[in-house]
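Every number in this text was worked out from the coordinates using simple rules, so none of it is lab data. Computed from a predicted model, the values in this text were never measured in an experiment. Note that each Cβ is placed from the backbone with ideal geometry, even for glycine, and that neighbours are counted across all protein chains shown.
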Amino acid sequence: MYHPTLRPRRRWPLFLPFGIVVVLAAAWCGLWFYAANRAQITIDGWRAREAQAGRVYSCANQSIGGFPFRIEVNCTTPVAEIRGGTPPVALQATSMLMAAQIYDPTLLIGEFTGPIQIGEAGQRPTVVGNWRLAQSSVRGTPREPERVSLVLDEPRFERMVAPVAETLVTAKQIQFHGRIAQGSVRADPVLELALQLVGAAAPGLNALAAQPFDADIAGTLNGLKNFSAKPWTDRLREVQAAGGGFDITKARIAQGEVLMVATGTLRLSPSGRLDGQLRVTVAGVEKMLALLGVNRGTSEGGGRLEQKLAPAFGALDRIAPGLGNLAREKAGPTIAAGLNLLGEPTMLEGQRAVTLPLRFNDGAVTLGPIPIGDTPALF
């Protein structure tokens with residue numbers, strides 16, 4: 001029986017939440033596709049600007065995905081060709097994945113798949129590297145980067161020399177971090193840089209670096225005018241001309257029983273080699289000299305080693321007449337004792353140590369009076 005006070009129930013409120021979800025989903029889809037389109041435009045613009053500076057980046061295949069919460073750029077066979085140097089250098093990896101959360105597009109996370117091949121463009125690679133995991137992160141935008149990090153787990157780089165490969169660098173892990181501490185990418189940037197090495201070795205450098213070591217180095221780089229696209233050799237010349245350099249605020253290297261810490265400033269000479277001085281504190285001087293081969297005396301290597309150590313012998317003679325002659329007979333132990341005399345005795349992490357100057361003079365390196373070797377020109 002119909003009652004005049006009863007009305008039909010309105011059902012649209014039941015569908016309102018569903019309708020809101022549909023509208024939000026459609027809006028989110030539109031936002032994602034807009035962001036994906038903007039990402040492609042940004043990539044194309046960045047590539048064009050880099051190409052003008054002689055750095056050409058390409059992919060065999062490129063795709064954009066990551067829906068609904070991320071923007072992912074997948075690149076197979078990424079190639080970077082640096083044409084500013086002589087000869088031009090090319091780097092080629094297997095694949096690269098760059099991703100950003102759609103709600104935080106200023107943080108870009110990358111992952112790289114090896115091996116990477118490095119060599120003259122159009123020629124066989126001269127260096128090949130691989131790793132278990134390689135990841136990067138960049139905070140900022142392509143035009144205004146703020147900080148960058150790179151982490152390599154179990155990297156190994158080899159120089160391809162027939163008939164066998166020659167190991168250049170191996171490590172359990174390598175970390176690099178950099179950020180703009182002062183200025184901006186457009187004017188007078190001052191960079192804070194940090195490098196961490198765990199279980200690293202560089203057999204091709206010298207006998208000391210051939211043994212596994214850990215390193216933690218941090219400092220600031222100044223002298224840059226801006227971050228306009230240009231070859232790194234030109235940028236280093238710019239730093240040298242401006243009187244800039246790398247101020248090392250912390251450097252700690254541990255290798256077996258040898259422990260070393262240092263602070264100081266390194267600059268570039270007009271020829272592109274290192275100049276400057278570090279204040280170095282070393283625990284385990286005897287072990288360090290043994291790794292350098294000094295403890296083998298002048299009988300091994302003949303006159304060449306004696307000539308190399310002549311400045312050290314002369315310095316010891318100035319400390320005490322006859323000490324240099326004794327050092328020639330018993331090179332390693334006596335030089336270690338002489339270094340302890342020449343340096344400032346101290347304690348380092350509970351060990352007896354000595355503080356000495358590590359000098360760089362147009363690439364020539366000496367620790368106290370001991371010649372260590374030469375550094376290559378950077379431009």
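Of note:
- Förster radius 22 Å - calculated FRET efficiency between THR249 and LYS172 (Cβ-Cβ, nearest 0.05): 0.35
- Two-site FRET efficiency, SER63 against ALA26, from Cβ-Cβ distance with R₀ of 25 Å, rounded to 0.05: 0.60
- Only Lys, Arg, Asp and Glu carry charge here, each on its Cβ (+1 for the first two, -1 for the last two); on that basis region 35-170 has a dipole of about 220 debye about its Cα centre.
- Charge tally in the Cβ shell below 15 Å around TRP131, where Lys, Arg are +1 and Asp, Glu are -1, TRP131 excluded: -1
- What you get for region 42-110, charging only the Cβ of Lys and Arg (+1) and of Asp and Glu (-1), is a dipole of about 140 debye around the Cα centre.
- The Rg/Rh ratio for region 83-211 is 1.02, where Rg is the radius of gyration of the alpha carbons and Rh is the Kirkwood radius.
- Order of LEU150, LEU191 under a 10 Å beta carbon neighbour criterion, fewest first: LEU150, LEU191
- Summed residue charge, Cβ within 14 Å of ARG159's Cβ, Lys/Arg positive, Asp/Glu negative: -1
- Counting charges near LEU348 (Lys, Arg +1; Asp, Glu -1) among other residues having Cβ under 13 Å from its Cβ returns a value of 0.
- Placing unit charges on the Cβ atoms of the charged side chains and taking the dipole of region 35-170 about its Cα centre, the candidate lying farthest along the positive direction among THR141, ILE71, GLY122 is THR141.
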